[in-house]
Every structure is written in C-alpha cells, then in structure tokens.
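Some notes on the structure that comes next.
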Amino acid sequence: MEPVRARRIIKKKSGGHGHHGGAWKVAYADFVTAMMALFMVMWLLASTDAKGRKEISNYFRTGVLPEGSMAMNSAAQTTPSVIEESGMPPTERRQLQEAAKAETKAQIKEQLGKLAAVDGELAKLARSVTVEVTDRGVVIQAVDQDDGLLFDVSSADLKPALVRLLRGLAPLLSEIGQPIEIDGHTDARPFAKGAVKSNWDLSFQRADAARRILELGGVSRQQVAGVLARGPSQLYVKDNPFASQNRRLSLLIRSDGGPAADAAPTAPDNGADPDVPPDPELPARAPKGSTSGAKSGAADDHGHE
C-alpha cells in the first residue's frame with residue numbers, strides 16, 4: 001500500500017501595498033466625459049439662437065436632425081457667433097440716412113401744408129419757407145420779405161404769424177426727436193455809430209425767441225443743440241447785403257442722431273431777451289434761468305439791421 005502524500009500548503013503574504021484595481025480610472029473617465037458634455041452644452045447654448053436650440057433639442061429627442069439652420073448642408077455656411085460681424089457698410093448707412101432725411105422733409109412739408117390750409121396769414125408766410133436736405137440734416141428756413149412778415153427792422157420780436165408757424169411745427173419736431181440748431185440771420189444794414197446793440201446780438205435774440213416758442217410747443221430743452229447768431233455772415237442774397245431776404249430764421253434738424261448735450265456751451269437767460277409777441281392761445285413763458293445755446297462770432301457795435 002502506497003503511503004499517502006502530505007499536501008503542501010502555500011501561504012502568500014501581503015506586502016501591505018497591493019494593487020487597488022482599475023475602478024478609479026473608469027470613474028475618472030466618466031467624470032471627464034461628463035465635463036466635456038457639459039461644456040459642449042454650454043457652448044451650444046451660447047453660440048446658437050432660439051431656433052437653433054430648438055432644432056438641437058428635437059435632435060436629442062428624435063435622433064433626426066431636421067432641415068434648418070443646423071442641418072449639415074447649411075451649418076457649414078453659418079457664421080459662428082464668436083466671430084463678430086462687421087458693421088453696416090458705409091454705402092448702406094448713407095442710403096438709410098438719406099432716406100430718413102427725405103422722410104423728415106416730406107413730413108415737414110405736409111405739416112406746413114396743413115397749417116397753411118387753416119390760416120391765411122400762415123399760407124402767405126409758408127410761401128417764404130423753404131425745406132432743404134443738406135449733408136448735416138434737414139434745414140427749415142423762413143425768409144423775410146419787404147413786407148416784414150417775420151420781424152420789424154432792428155427788432156428782436158417775432159411777428160405773430162412766425163410765432164404760430166413755430167408753434168405748429170413744434171409737436172412734429174418733438175416727435176422726430178433729432179437735435180435741432182436754431183440760427184438767426186440779419187442783413188448788413190448798419191446800426192447808428194456807437195449803438196450798444198449789434199447784428200450779432202439781434203440775430204441771437206431772434207433765434208433765442210424762436211427757441212422759447214419751440215420749447216413751449218413741446219420741444220424739450222435737451223433736443224435743442226444750439227442757438228446761434230449768424231449776423232450778416234451768411235447772406236441769402238449775396239449780391240445785395242441790405243436785402244430783406246437776408247433777415248431770416250433757420251432750423252437745422254441734425255441727421256447725426258447725436259445727443260443734444262454735445263452742443264455749444266450754454267448761456268443763462270438773464271431776462272434781457274425780447275418778449276414773445278402776445279398771443280391769447282400761447283402758454284405762459286418758460287421760467288427764467290432756462291438755458292440757450294451760445295452766440296457765435298464776436299459782437300460788432302457798428303452792425304445794424
């Protein structure tokens with residue numbers, strides 16, 4: 001009988017720092033995948049519009065990418081939102097500005113027609129009012145005639161017809177909302193030697209009186225970009241400096257759209273300005289202390305209109 005062999009038992013001793021397995025690698029890979037998916041979702045939300053997000057949502061629900069801005073045949077033609085598109089081309093911007101000025105001119109002409117239709121004196125005055133489009137904007141110009149329909153000679157008072165005209169235009173100018181410059185002009189007729197008032201003073205006072213009428217009619221003070229004295233420096237009839245047509249009032253509706261606050265420095269209303277002609281329908285005058293644009297040019301004590 002063969003002897004029974006004893007079984008050998010082998011015991012393995014742990015070294016204390018055995019292998020932990022690869023489970024942590026799987027967890028880390030899942031974490032990185034989740035973070036990548038999160039960043040992709042955030043990028044898609046930031047770089048697509050509402051329509052694109054809706055198409056992406058439909059794709060994840062149905063698995064079908066619909067035709068649209070996110071479709072493969074059009075996605076390559078889509079400009080990424082991270083690339084800023086250039087501004088409007090200068091030619092197109094200029095065309096829009098010219099169209100806006102043409103519309104403004106048409107609105108003013110229509111309003112002048114309405115005013116002339118209900119007032120015979122305004123109808124006469126309207127024939128001396130021109131509306132022109134310039135590089136800076138739309139210019140409304142009321143030109144005086146020999147009958148003195150706008151002003152009396154050497155007087156800063158506005159005639160009643162001119163007051164009604166400005167009051168009738170004020171609501172439309174307020175609605176247009178563009179900055180307005182008010183210019184006063186005189187002829188070159190001299191004042192008496194040694195006179196205190198000059199053509200510069202006279203043209204400014206007329207323009208400032210027009211400003212008050214416009215503000216009382218609804219134009220805000222912030223919309224008035226300047227009240228300017230032109231004196232006889234910009235003659236309407238260049239070959240006759242003493243012509244009545246050189247006495248005029250012009251309103252420039254600026255097309256730059258810039259804030260009226262960038263106008264010339266303002267000067268306080270010290271109460272020495274001419275009174276507005278009495279009109280029973282005209283509201284009370286604005287309180288003293290209202291601002292106006294600065295006079296342009298130096299005073300000439302020998303000027304007169």
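Every read-out reported here was derived from the displayed coordinates using simple, explicitly stated rules and does not represent laboratory data. The structure displayed is predicted, hence computed values, not measured ones. Don't worry about glycine lacking a Cβ; one is built from the backbone with ideal geometry, like all the others, and counts go over all protein chains shown.
In the structure displayed, which of 109/197; 51/101; 114/159; 159/197 lie more than 26 Å apart, Cα to Cα? Numbers along the way, then the final one.
Numbers: 109/197 36 Å; 51/101 36 Å; 114/159 20 Å; 159/197 20 Å.
Violating the 26 Å limit, Cα to Cα: 109/197; 51/101.
Which of 131, 227, 163, 237 comes first, and how do the rest follow, when ranked by fewest Cβ neighbours within 10 Å?
The most exposed by this proxy come first: 237, 131, 163, 227.
Could you rank the peptides 26-32, 122-128, 241-247, 109-115 by their average count of other C-beta atoms within 10 Å per residue, with the highest value first? Can you show the working numbers first?
Numbers: 26-32: 10.0, 122-128: 17.0, 241-247: 18.6, 109-115: 14.9.
Packing order, densest peptide first, comes out as 241-247, 122-128, 109-115, 26-32.
What does the charge count around residue 139 come to, taking other residues whose C-beta lies under 12 Å from its C-beta (Lys +1, Arg +1, Asp -1, Glu -1)? It would help to have the intermediate numbers written out before the result.
Values: positive: 101, 105, 136, 248, 254; negative: 132, 135, 181, 183.
Neighbourhood net charge equals +1.
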